[in-house]
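Q: The structure's right below; bear with me while I get my questions together.
What follows is calculated from the coordinates using simple rules that are stated; it is not laboratory data. For clarity, every value in this text was computed on a predicted model and none was experimentally measured. A quick note on method: Cβ atoms are made from the backbone with ideal geometry, for glycine too, and the neighbour counts reach across all protein chains shown.
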Amino acid sequence: MKRKNILSLILLGLLVITIAVFLNSLDTLEYENTSDNESDIIEIRFSSSWAGVDSKTDFLETLIQEFEKEYPHIKVLNESMYGEDFLFTLKADFASGNGPDVFGLWPGSDLKLLIENDMIADLAPVLIDDLNWYQNFDPKVFEFLDQGNGIYSIPFEVIYEGLYINKDLFELYHVKIPENYDELLEAIETFNKHKIIPIAYNSTPEGSFIYQNMIVQLAGKYGTEHPIKRDGTIKEGYLEAMYKMREMYQMNAFPEDAFTLDDASRNALFVYKKAAMIVQGSWFNSSLLDETVGLIPFPIGKKSSVIYGVGNGNFHISQQTYKDPKKKEASLLFLKYLTSDKSRAIFNVSPSFIGTSADESGSYLKNLGIKLIQEADELVGPPDHYINRNFWESVLIKEFPNMLEGQISPEEIFEMLDDY
Amino acid sequence: MQFYQRLNIKNKLLMMFILQMVLPVFILGIFLLRNVENNMKSQALTLSQDMLKVLELRIVDFADDIKSVSQDLLYDLEIYAVLNDDQDDKFTYYHNVNNLKNVLRTLTLSNDSIQAISIIDQAHNNYTYDITSGRLNIINSLPYDTLLSVAREAEGRPVWYVDYNDDKGDIYLTRVINDIDTFNEVGLLVIQVNMEPMKQDYKDLSSELFEEVFLIESEGRTVFSSADSEFDASLLKEDETSGVFYEDDSKERMISFRRIENPNWVVVTAISKEALLEEVNRFTRYSFFIFVPLVLLLSLFTIFEGMHMVESLNKIVHGMQEVSKGKKHVNIEVERKDEIGFLADSFNDMSTEIENLVENVYTEQLTRKEVEIKALQAQINPHFLYNTLETINWHAQLKGAPEISHMVTALSSIMEASIGRDNKLITFRDEMKYIENYISILKYRYEGRLEFNKTIDPSIMGIKIPRLILQPIVENSINHGIGQRATIGEINITAERKNDHIVIEVCDNGKGMTSEELDLLMKKINSNDGNESIGLENVNKRLKLFYGEGYGIRVMSELNVFTKVIIIIPEKKLNEGDIYYV
């Protein structure tokens, strides 16, 4: 190589180094920013009534753990609450724009109000896009929900209500399992004689299931689901049920402290055989109940009408979440996981869970429930779904003890419905 | 490149020094200083980001606390009892209001950051608790319409608003209250926050390095700063959650900011570049003071050493120029033992050698000139003489004088040989013929007192030798040997081969020489003064020039007995066309 070429190469190298040094020494402002990693994890809030003493609580926790293992970038904050606090908190959260991302809510006036206020996302396009997911559910359940053109709810769990009986107490005191109202009254008398509380009742909203069961038996499906007559008054079934409740109250069919008893204590009376009967729903099934327990429709009407519906395992995504692409994706993932076959397998272990697939079977209690549904003459939605919720809780439930005591008549109570 | 080539060595050395020493140190210095500076800035900015992250967490915690209070209030049924009350039953209404105020008082007193809580219903009735007096004093300054507007946009969610109607910004968290059963709007919740505790924290955080800390709200207004000054929020990039930049072109302050997601505020800190780089600048100054004298001293060293080197080279160049101008010998004095010293020594040797060679060439040329002049002298109109001799020969033969004819013929042959035509070399045979003609003429002169014998190896006859080598010797023998005696003179020429050499001997029985005379003669033959040239000396020089210093003539003599001239030449075969100056 010529000297000229070598010198040129050396000068070129010198130039390159000088430029590199110059560029490397430019006045740049840099900083390390490693503290934003937490933003990689998407947090979604979930709320349902599957909490506290609910038998599905543990299964829900298991499911969330499994989900978070499978999707480590998503954190599910389980804000589920048991009992009446659940609905209040859910409504208060939605009222304050603070609704959970994914939540369970049984059908009824509250759900209807949320849908009307555009607070719940329409999931129909997602279900159409993912037919495998859609086929996971019995189509009849969607029909039952009847949400018009949209699909706002993903029904995962059905519920029923009926009269749970401690068969062993009936046998012990030679009481015939009641098939009509008169036999029920006889049974009440017999148990009273043996210092057994005939029916575990309290005056909370959940305690009012007995009243609701009596309504469906007395008013029938149409009467229950269309409670207001043309003249604006309440249908007879709703009034008659109250009078019969008062009759039973006067026969001491209920615990002495029924007005102050909480839900858990009320349930305990039946579970620990201090009460012979309780009107409860499928969520009441638990390992505490064995084969000494039976389940029958409330024995009052001519037909066997059973309260049936979709339970709290009726899942939704809030509209607010749906507008946020990141949260929407994470929430849909969780919702699909929550309503998948895998999830069903987890919850099926719980005796209180009856899924929404076409073929369901399971434990003794679950089979009793399925049998109750299958043998029913008609399946009726819970009456509190058809009466203004606010009235139901603020007036009807509150005034129920007064009504039982005879201080207010059933008609006077329903007159107050006009204000709602 | 041409520029570099044109530079003299001194400047080249200086340039190389700059390239090798100053440039790398300069580049390295800039590289190091700039990198240290960048590194320090990077560390300060990272530190500032960490500090801002802490501030962010504190603000988020603070905001979450206030939000929790507002959410707790919305979980309280007392609010809905008051807001949904149609006030038909005044007793119940006042009972509910009293309950609500108790709730408000409890929440306000239990939280340092809350100045006041106000709940305003659709009919603009307000239910307020203010920490300063417990009376309804915030309601006068509350920008209700604006707060309602921003709260409605948030659809029930809490939203922050900073009001600048008076000198200082009032910070509010507000949200509409929707009925939990109907989701209809029933009122407005406003919480006025007290930022004083946090302000104090900000002041404590500012330092010499972190000159100021600002909190900027979503509209770009300064919520507060540690030094009570304003910050131009338009400098902040909207799409960056955090970042750093220079505040302006003067680059005196570096700005580090961090956007807080909720509330949508920005925490900003201004870093004084002067305070940050104080140590670096001091180091730079010290380095400069060390570097400059070092460079100057090293430059002087280089220049001094370079000059010394260049001086030596210049001496050599000067010597070369002298030589090229024609000076025969130049001696350079260089006190170096390196390559330049070697170069100077070599130059000196070369100069001496050149001088010798020039001297030799000069002498050789002089000798040749002398021979040529002699030859020219001998060739004065040789053709005229030759023709005249032929005419004499013709007349002698006509007049019947055969001796004259013989002599003229011999003379004519000698002249022919002297003219030499073009060939500088002749065969030994021709040289002998020339000798014989010469002697035959001289025989007439010496009238029978001269005898000539030759013993020649026939194989030698064809060998070429320089012209007229033997004639001066024979002439010498006759003039100085035989001619000095009255007896018959005898000249013997022998020629034979001996070990690749040809040895020619010319021997006469003339006067001879004493050993002193012989020494004198030999000195004369070998001397180079050239002032008094004799035939033998001429022959000797020509032989040496032609065959080399190892060759020439030798003379042996004994007084009154003999003189023998011996010529030893190499058996050198020469081609016909070769030309030699002999």
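Q: Of the peptides A:102-113, B:61-72, how do they stack up when ordered by the mean number of other Cβ atoms within 10 Å, highest first?
A: A:102-113, B:61-72
Q: Over 26 Å between C-alpha atoms is what I'm after, so list which of A:K229/A:K303; A:K140/A:K273; A:K140/A:K221; B:K325/B:K523; A:K244/A:K366; A:K75/A:K336 land there.
A: Among A:K229/A:K303; A:K140/A:K273; A:K140/A:K221; B:K325/B:K523; A:K244/A:K366; A:K75/A:K336, the Cα-Cα distance tops 26 Å for A:K140/A:K273; B:K325/B:K523; A:K244/A:K366.
Q: Could you give me the ³J(HN,Hα) list for region A:271-286, computed from phi with Karplus coefficients 6.51, -1.76, 1.60 and θ = phi - 60°, whole Hz, x at Gly and Pro?
A: With coefficients 6.51, -1.76 and 1.60, one gets 4, 9, 6, 8, 10, 8, 9, 7, 8, 9, x, 4, 5, 6, 4, 7 Hz.
Q: Something else about it: Percent antiparallel among DSSP beta bridges with both residues in chain A, to the nearest 5?
A: Taking every DSSP beta bridge with both residues in chain A, the antiparallel ones total about 65 percent.
Q: Still on this structure, I have one more. For the peptides A:136-143, B:259-266, what is the packing order when you average, over each peptide's residues, the other Cβ atoms within 10 Å and list the highest mean first?
A: Final packing ranking: B:259-266, A:136-143.
Q: Related question: To one decimal place, what Kirkwood hydrodynamic radius in Å is obtained for region B:203-245 from all pairs of distinct Cα atoms? Don't skip to the end; give the middle numbers.
A: Values: mean 1/r = 0.0884 Å⁻¹.
Computed over Cα pairs of region B:203-245, the Kirkwood hydrodynamic radius comes out at 11.3 Å.
Q: Related question: Would you compute, from DSSP H runs of 4+ residues alone, the mean residue ellipticity of chain A at 222 nm, taking -39500 (n - 2.57) per run and dividing by the full residue count, rounded to the nearest 500?
A: -13000 deg cm²/dmol
Q: Listed highest first by mean packing, meaning other Cβ atoms within 10 Å per residue, what order do B:554-563, B:86-95 come in?
A: Those peptides, ordered most packed to least, come out B:554-563, B:86-95.
Q: Still on this structure: What does the structure give for B:67-74 when I average, per residue, the other chain Cβ atoms found within 10 Å of the residue Cβ?
A: Mean number of neighbouring Cβ atoms from other chains: 2.
Q: What is the average number of partner chain Cβ atoms found within 10 Å of a Cβ in B:173-182?
A: That average works out to 5.
Q: Still on this structure, I have one more. Roughly what percent of Cα-Cα pairs across region A:234-360 reach past 25 Å?
A: The answer is 49 percent, as a whole percent.
Q: Report the normalised scattering of region B:76-194 as log10 I(q)/I(0) at q = 0.12, 0.13, 0.16, 0.17 Å⁻¹, calculated by the Debye formula with identical scatterers on the alpha carbons.
A: The Cα Debye sum returns log10 ratios of -0.41, -0.48, -0.74, -0.83.
Q: List residues of region B:13-36, by number, whose backbone nitrogen lies under 19 Å from a label position 7 Å along Cα→C-beta of A:L11.
A: Under cut-off, by backbone N: B:13-24.
Q: Which whole-number percentage describes the relative contact order of region B:76-194, with Cα contacts under 8 Å and a sequence gap of 6 or more?
A: Rounded, it is 23 percent for region B:76-194.
Q: Kirkwood Rh, Cα Rg: Rg to Rh for chain A? Write out the running numbers ahead of the final one.
A: Numbers: Rg = 29.4 Å, Rh = 24.0 Å.
Here Rg/Rh amounts to 1.22.
Q: Sum -39500 (n - 2.57) across every DSSP H segment of at least 4 residues in chain B, then divide by the residue count to get the 222 nm mean residue ellipticity, nearest 500.
A: Helices in chain B give a 222 nm mean residue ellipticity of -17000 deg cm²/dmol.
Q: What are the lysines whose alpha-carbon lies under 20 Å from the alpha-carbon of B:K251, with same-chain residues fewer than 8 places away excluded?
A: By straight Cα distance, B:K251 reaches B:K41, B:K237, B:K273.
Q: Same structure again: Once Rh for region A:17-132 is found with the Kirkwood sum over Cα pairs, what is the Stokes-Einstein diffusion coefficient at 20 °C and 1.002 mPa s, in µm²/s?
A: Once the numbers are plugged in, D ends up at 119 µm²/s.
Q: Let me ask another. Treating cross-link reach as a plain straight distance, find the aspartates and glutamates whose alpha-carbon is under 16 Å from the alpha-carbon of A:K193, omitting any fewer than eight places away in the same chain.
A: Leaving aside aspartates and glutamates fewer than 8 places away in the same chain, those within reach of A:K193 are A:E171, A:E183, A:E256.
Q: Give me the distance between the Cα centres of region A:369-384 and region B:460-496, rounded to whole Å.
A: The distance from the Cα centre of region A:369-384 to that of region B:460-496 comes to 167 Å.
Q: Over chain A, calculate the relative contact order: mean separation of alpha carbon pairs under 8 Å at least 6 apart, over the residue count, as a percent.
A: Relative contact order comes out at 24 percent.
Q: Could you give me the radius of gyration and the Dmax of region B:362-570, taking only the C-alpha atoms into account and expressing both in angstrom?
A: 17.6, 53
Q: Right, next: Which aspartates and glutamates, on any chain, are close to B:K90 with Cα under 17 Å apart, when same-chain ones fewer than 8 places away are left out?
A: B:E78, B:D121
Q: Which helices count as membrane-span-like in chain B under these terms: full DSSP H, at least 20 Å along the axis by C-alpha, Kyte-Doolittle mean of -1.0 or more? Kindly include the intermediate steps, with their values, before the conclusion.
A: On the way: long enough: B:23-74 (73 Å, 0.47); B:90-109 (28 Å, -0.39); B:278-325 (67 Å, 0.51); B:339-378 (57 Å, -0.31); B:382-399 (25 Å, -0.50); B:402-419 (25 Å, 0.73); B:428-446 (26 Å, -0.78).
Span-like helices in chain B: B:23-74, B:90-109, B:278-325, B:339-378, B:382-399, B:402-419, B:428-446.
Q: Would you work out which of A:A241, A:A95, A:S318 lies farthest towards the positive end of the dipole of chain A, given +1 charges on the beta-carbon of Lys and Arg and -1 on that of Asp and Glu, about the Cα centre?
A: With unit charges placed on the Cβ atoms, the residue in question is A:S318.
Q: Something else: For the protein assembly as shown, compute Rh as the Kirkwood radius over C-alpha pairs and then the Stokes-Einstein diffusion coefficient at 37 °C and 0.692 mPa s; write the answer in µm²/s, rounded to an integer.
A: Here the translational diffusion coefficient equals 77 µm²/s.
Q: Tell me the relative contact order for chain B as a rounded percent, counting alpha carbon contacts under 8 Å between residues six or more apart.
A: Details: 765 pairs, mean separation 46.6, N = 582.
Here the relative contact order equals 8 percent.
Q: Along its three principal axes, how long is region B:280-361 when you only count alpha carbons? Whole Å, largest extent first please.
A: Per principal axis, max minus min of the Cα coordinates gives 76, 23, 14 Å.
Q: When Rg is the radius of gyration of the Cα atoms in chain B and Rh is its Kirkwood radius, what does Rg/Rh come to?
A: Reported Rg/Rh (Cα atoms, Kirkwood Rh): 1.72.
Q: Mind checking A:95-106 for the average number of partner chain beta-carbons within 10 Å of each residue's beta-carbon?
A: 4
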